[in-house]
Amino acid sequence: MKKLFTPGPTNIPNFILDELSKNIIHHRTEDYSILLKNVIEKLKEVYKTDQDVIIMTTSGTGAMEASVINLFKSREKVLVINTGFFGERYTQITNIYNLEVIELKYQWGRSYNLNEIKETIRNNPDLKGIFVTHNETSTGVCNNIKDIGELTKGTNILLVVDSISGIVNNELLFDDWNIDCAVSASQKGFLLPPGLSFACLSSKAINKMNELENRGYYLNFKKYLQNQEIGQNPYTPAVSLVMALKVALEYLLEKEISYITSKKREERISLERKLQELGFNLFIEDEKNRGNSLVVVSHENIDIEQLIKLLDRDFDITIANGQGKYKNKLIRIGLLGDYKDEDYNELLNAIQIKMGEIK
Ligand SMILES: *Cc1c(COP(=O)(O)O)cnc(C)c1O
């Protein structure tokens, strides 16, 4: 078995694998409706919201695209805060749907500048939305969402957050932070395989959505919300994943999300320190911008590509390389899995051995 230290997907704990190996129930039954209503209630606890959370059978990007299709119409003006590879994705999706896109683009490894957002809002009274990545998985930066929510609160600007790798490992308070749409996916903090995406909408977002003509067929939020009221999905859901989601959420909620978040923070700080001791440099300079979903490092004297290859070949340990122009320059180690201290020690030990061989 490969041990995944990648920033999603990660290894699935055995008790969840057991659930995934069970035979399925039919989705147009009372049993399924009970199951679906149960997981929606639990997802609301994770999101810290009173709003229903939509469950779709798509990867995370499906929910990102749905947030654009359902909440905006062409030529509406939106701001995309682009702090890396996944911020760029919202620039691409909003452009494809012909929104009028203003982009604030930041150097990889940095967060956004709040004054520039304030200025953009001030200079664009017709602004209809702000898109921002919570945890930027290409760099490890965790962007402050709360501060942006303070700016969009009480305006008709919708705050749309890609929290695909953010939620669970990093604090996210959907209602308190005035978020209007937050998307996530099963294969990041939820300890599941890929295949389900989640989206939560504020009543402000639902009102806006209801003003627009139905846009989109499969990715139609309105249909999901209407069907979920009676414990149904509009189309055939990934039943096995919904069954496993129940077990995963029971596990996460029993531990408490706030406990997991603070535990992951400790794990992140400890891993950072140990990697520094091995001569790695932390990619994010400013400590307050570092998220708890992954640790991103570089090394001046080590061939990163080679190190990643050898860890996989000789130790069955998979870590991730950089993205875009940092492809062979950065190592990304995910903290999304259900790791114990000995797992981190095994990883660090393997890295140390292979570094010795490369040198
Ligand atoms: C993983 C990830 C995505 C993409 O999700 P897919 O499930 O691959 O479609 C988008 N944004 C962020 C921040 C991610 O970490």
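Of note:
- Cα-based reach from Lys222 at 13 Å (exclusive), listing aspartates and glutamates while leaving out same-chain residues under 8 positions away: Asp52, Glu211, Glu213
- Taking 0.36 nm per residue of separation and subtracting the Cα-Cα distance, full extension of the segment from Asn123 to Asn345 would add 74.8 nm.
- Placed amide H near Thr318: partners under 5 Å, 5+ positions off or other chain: Lys3, Leu4, Phe5
- Rounded FRET efficiency, nearest 0.05, which uses the C-beta distance separating Lys105 from Thr61 and R0 of 22 Å: 0.65
- Cα-based shape type of the range 43-158, given that a ≥ b ≥ c are square roots of the gyration tensor eigenvalues and the cut on a/c is 1.5: rounded
- Each Lys or Arg adds one and each Asp or Glu takes one away; over the other residues whose Cβ falls under 14 Å from the Cβ of Lys359, this sums to -2.
- Computed E for Lys329/Glu30 - FRET, C-beta separation, R0 51 angstrom, nearest 0.05: 0.40
- Restraint check, Lys22/Lys223; Lys105/Lys204; Lys255/Lys340; Lys118/Lys204; Lys153/Lys263; Lys146/Lys264, Cα-Cα greater than 25 Å: Lys22/Lys223; Lys105/Lys204; Lys153/Lys263
- Maximal additional length on extending the Lys37-Ile230 stretch stands at 68.6 nm, based on 0.36 nm per residue less the C-alpha distance.
- Take the Cα of Lys153, step 7 Å toward its Cβ, do the same at Asn115, and the gap between the two points is 2.3 nm.
- Nonlocal amide H pairs with Glu103, under 5 Å, H built at 1.01 Å: Val80
- Rounded to the nearest 0.05, the FRET efficiency derived from the C-beta distance between Lys255 and Asn301 at R0 = 51 Å is 0.80.
- Cα centroid separation - the range 83-98 against the range 11-72, whole Å: 25 Å
- Here is how the number arises for the chain: DSSP H runs of 4 or more residues each give -39500 (n - 2.57), the sum is divided by the residue count, and the result at 222 nm is -13500 deg cm²/dmol.
- Overall shape: oblate for the chain, with the ratio a/c of the largest to smallest alpha carbon gyration tensor axis at 1.5 or above and b/c at least equal to a/b.
- Whole-Hz couplings from phi, Karplus 6.51/-1.76/1.60, listed for the range 102-115; x for Gly and Pro: 9, 10, 9, 10, 10, 4, 4, x, 10, 9, 7, 9, 4, 4
- Point-charge dipole on Cβ atoms (K/R +1, D/E -1) for the range 18-112, about Cα centre, debye to 20: 340 debye
- Vicinal HN-Hα couplings computed from phi for the range 262-273 (Karplus, 6.51 cos²θ - 1.76 cosθ + 1.60; Hz; Gly/Pro x): 6, 5, 5, 5, 4, 4, 4, 5, 5, 5, 4, 5
- Environment charge at Met209 (Cβ cut-off 14 Å; Lys +1, Arg +1, Asp -1, Glu -1): +2
- In terms of packing, defined here as the mean over residues of other Cβ atoms within 10 angstrom, the peptides 275-288, 212-225, 180-193 line up highest first as 180-193, 212-225, 275-288.
- C-alpha center-to-center spacing [the range 130-175, the range 199-221] in angstrom: 19 Å
- For the range 226-239, Karplus couplings with θ = phi - 60° (6.51, -1.76, 1.60), whole Hz, Gly/Pro x: 4, 5, 5, 4, 9, x, 10, 10, x, 10, 4, x, 6, 4
- Net length available on complete extension from Asp286 to Ile96 is 65.0 nm, with 0.36 nm assigned per residue and the Cα-Cα distance removed.
We did not get these values from a lab; they are worked out from the coordinates using the rules stated. Keep in mind the model is a prediction, meaning the values are calculated, not measured. Glycine also receives a Cβ, built like all others from the backbone with ideal geometry; neighbour counts cover every protein chain displayed.
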